[in-house]
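The block underneath contains the structure these notes are about, expressed in structure tokens.
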Amino acid sequence: MHILGFMTGTSLDAVDMAILETDGEVITAFGPAGEEPLSDPLRTLLRDAIRAALDHPREAPDPPVFAEAARAVAEVHLSAGTAFLRSNGLDWSDLDLVGMHGQTVLHERPAGGRKGRTLQLGDGAWLARATGVPVAFDFRTADVAAGGEGAPLAPVYHLARAAASGLSAPLAVLNIGGVANLTCWAGGDRVVAFDTGPGNGLIDQVVAARGAGRFDVDGRLAAAGAVSGPVLARLMDHPWFLEPAPKSLDRYDFSPAPTDGLSLEDAVATLTAFTAEAVASGFQLAGVRPSGLIVTGGGRRNPVLMAALSGRLGCEVVTAESVGWRGDALEAEAFAFLAARCLRGLPISWPGTTGAPAPMTGGRIARPGQPPA
């Protein structure tokens with residue numbers, strides 16, 4: 001199948017797009033990839049939806065902003081996808097399937113015997129009608145309903161991508177977005193995956209809150225600052241790090257408040273070191289020591305963070321591009337791959353990746369002219 005995968009991350013930066021030719025088991029070809037930055041009005045709307053989600057009681061009706069944002073997310077996927085396809089000499093009719101992750105506005109892990117909650121906004125039925133192509137969406141809900149974490153979902157694609165590249169175990173892949181998540185493959189079906197802690201999220205919060213932009217461009221602020229050992233120790237003194245894997249995070253589960261007394265540069269340097277320290281803690285938890293680590297996501301563009309990872313882990317740390325992967329497109333590729341597995345009823349999560357009780361299928365299919373299955 002020719003499948004267009006979409007991903008919009010918690011950084012609220014862009015719609016990422018990538019086309020794969022796959023049956024959900026083997027990748028036979030990599031099509032074009034691209035991105036479309038989110039507009040400032042859409043970012044504002046999504047931030048409103050996130051604030052509403054953080055205050056949303058479980059039993060309460062959905063606030064109107066959810067439906068408004070879900071439709072707006074679908075509309076930007078349509079406009080971005082149309083321009084992307086046209087620029088590559090393609091049309092929606094050239095696709096067999098679309099995979100849309102949607103915009104995460106809430107992710108609450110299971111706790112105290114209570115199942116978690118997760119919400120990705122994006123009107124899959126509207127997008128299917130607008131494009132005339134079946135849309136796979138809502139990938140996390142089934143896993144969470146079964147008692148799993150609902151995240152991370154990329155590990156099955158990481159293994160397929162490794163196979164397509166001829167890479168073998170032991171293998172470790174770290175995605176650094178708003179949250180950082182790790183996939184460790186020891187060979188065969190021995191896979192463990194989980195969120196390690198904050199990725200770029202806290203850094204972005206501090207940079208934006210202090211009027212210095214949306215993120216630390218090229219790690220320049222971190223490079224100009226000094227790490228505060230006491231503040232780093234305070235950040236690591238969080239009960240999250242005592243939790244067993246698999247485990248997942250919401251972008252807002254951690255606070256940058258411990259850095260409030262530091263200069264901007266020292267705060268960013270300390271939070272950058274915190275991301276690396278949290279990853280090192282994750283490696284200890286995984287119990288796997290690969291010879292190298294492949295880093296994807298926006299964090300791979302931060303040389304200070306990459307150096308901190310290399311120094312803290314004691315192994316080779318390389319970008320996705322160094323092994324022939326498209327680091328900016330990897331998550332969009334992943335949701336094209338997961339869309340194929342959804343259509344075929346194949347598992348997309350396992351006990352070792354989300355803590356689900358058994359291998360779980362997931363996602364729903366919206367077909368043009370039909371309600372979602």
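Things to note:
- Excluding ligands, DNA and RNA, the accessible surface per residue across the chain is 39 Å² with a 1.4 Å probe.
- Rg/Rh for the chain stands at 0.94; both radii use Cα atoms, and Rh follows the Kirkwood definition.
- By a 1.4 Å probe calculation restricted to protein chains, Leu45 has an accessible surface near 30 Å², given to the nearest 10.
- As a ratio to 2.2 N^0.38 Å, the alpha-carbon radius of gyration computed for the range 125-219 takes the value 1.41.
- Using the alpha carbons alone, the radius of gyration of the range 206-338 stands to its Kirkwood radius in an Rg to Rh ratio of 0.96.
- Near Phe194, the amide H atoms lying under 5 Å from its own belong to Leu182; only residues 5 or more places off or on other chains count, and H is placed 1.01 Å from N.
- Positive minus negative residues near Asp253 (Lys, Arg vs Asp, Glu; Cβ under 10 Å): -1
- Carbon and sulfur %, accessible surface of the range 1-61 computed with the full protein complex present, 1.4 Å: 53
- For the pair Glu243 and Arg86, a Förster radius of 41 Å applied to the C-beta separation gives a FRET efficiency near 0.30, rounded to the nearest 0.05.
- Under the Karplus curve 6.51 cos²θ - 1.76 cosθ + 1.60, θ = phi - 60°, whole-Hz ³J(HN,Hα) for the range 216-231, x wherever Gly or Pro sits: 7, 4, 6, x, 5, 5, 4, 5, 8, x, 10, 6, 8, x, x, 5
The values are calculated or read from the model by the stated rules, or taken from the named source; none is laboratory data. In this text the structure is predicted, and so the values were computed from the model without any measurement. A quick note on method: Cβ atoms are made from the backbone with ideal geometry, for glycine too, and the neighbour counts reach across all protein chains shown. We work out accessible area using only protein heavy atoms, side chains counted, and drop any ligands, DNA or RNA first. Shrake-Rupley method; radii C 1.70, N 1.55, O 1.52, S 1.80 Å.
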